[in-house]
Structure formats: C-alpha cells, structure tokens
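Take a look at the structure set out below.
Quick note: the coordinates plus some simple rules give every number you see, no bench work behind them. Keep in mind the model is a prediction, meaning the values are calculated, not measured. When we count neighbours, we look across all protein chains shown, and the Cβ atoms used for this are built from the backbone with ideal geometry, even at glycine.
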Amino acid sequence: MKSQRGISALSLMITIVIIIMIAGYSLLFSRDTVVEGNVATIYAEVQEVVEAAKGLSLDREYAKDALTGFELESVADINHRVGGKLNSAKQYYYWGYADENMTEVMAQTLNDKIGLRSVSNSYVVAINDLGKVEVYLVDGININGTMCYTYDEIYAQYTEVNKK
C-alpha cells in the first residue's frame, strides 16, 4: 500500500511540473501574439485610411469641401508626432480620431464625408494628386524597436513580425 501512495505523489508532482512548463511556454508566446495582433490592427486601419484618402483624391473639389475644418494651420505643432516627415509647403489635414478634442459628432461627420468606419487612431493626411496621398499615423507605433508612421513602414515591419 505504501508503494502505491509514493507513486501517486510522484506522478502528481510530475504532472504539476509539466503543467507549469506548458503554462510558461504559452505565456511566452501569447505576448508575441498580442504584438502581432496590435500590428495587424494598425496595419488594417492605416490601409483603410490610405484607401479613403485615395478616394478623396479622385474629386479634389469634393475633398476640399469635405475636409473643411480639418486643415492643419501649421505643421510645426504636429511634425514631431509623425517623425518629422511633414513638408511645410504642403496642405495637410488632421483626422484626429484619438484626440480628446474630437467629439463624437465631428468623428461621425468625418466618417460620413470620407467613408471611414472603424478608425480609432489619429492621422495626418495630404492629398497631392490623383491617387497620390500621404498618410501619417500620429504618434506612430513601435514595432520591434522601430517607430513606424507611414503605411510603407508599418507594412515592412508587419511582414517582419509575421516572418518569425
């Protein structure tokens, strides 16, 4: 009888150690999954904003009318928040969805005018020519130690994250 109790205690200890190892292993990989999820979400959102801006570039008069009130007066105030990438000679628009001053009504009005639905971050947008736009994620996203502000930068880091 004593030998059966010893085997039971030993198998219980082995089971507990295995469960702890599996829990630690899954915790390690769940962190990477969260990072990949955040990057994928931002990537999809930036892509949606780029497509909406390209749509506006097809009708410059409508774009000018639709974006009235969202023009940036000066790029100096926000340039540091987009990695210093703005050119003071261009006209930029601030789509400040994450801004505390952006009311629900303003966000809905902007959504209705430009066709966005699921945006939660702020963007600076320039509509240059037909199909040519610049979109910058305000405050960027840190992916693997690299700050990314544009679609191309986020895409490059997104593909790097998914290679691993």
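Hey, fewest Cβ within 10 Å first, where do L56, L72 land in order?
L72, L56
Going by how many other beta carbons lie within 10 Å of each one, how would you line up I143, I18, I78, fewest first?
Arranged by neighbour count, lowest to highest, I143, I18, I78 become I18, I78, I143.
What is the total of Lys pairs in region 2-163 with C-alpha atoms under 17 Å apart, excluding same-chain pairs fewer than 8 positions apart?
Lysine pairs meeting the criterion: 9.
Quick one: net charge of M106's neighbours, Cβ under 13 Å, K/R +1, D/E -1?
Computed value for this residue: -3.
Can you give the net charge of the other residues whose Cβ lies under 11 Å from the Cβ of G131, counting K and R as +1 and D and E as -1?
Once positives and negatives cancel, what remains is 0.
Determine the gain in length on full extension of the stretch M13-K54; use 0.36 nm per residue of separation and subtract their C-alpha separation, reporting nm with one decimal.
Between M13 and K54, full extension yields an extra 8.6 nm.
With label points built 7 Å along Cα→Cβ from the Cα atoms of E104 and K85, find their separation and express it in nm.
Taking the two extended label points, one gets 3.2 nm.
Find the centroid of the Cα atoms in region 110-163 and in region 63-105, then give the distance between the two in whole Å.
The distance from the Cα centre of region 110-163 to that of region 63-105 comes to 14 Å.
Against the longest alpha carbon principal axis of the chain, how many degrees, from 0 to 90 and to the nearest 10, is the axis of helix 2-57 turned?
Taking Cα atoms only, the helix is inclined about 10 degrees.
Suppose R0 equals 30 Å; then what is the FRET efficiency for I22 and N142 from their Cβ-Cβ distance, rounded to the nearest 0.05?
0.50
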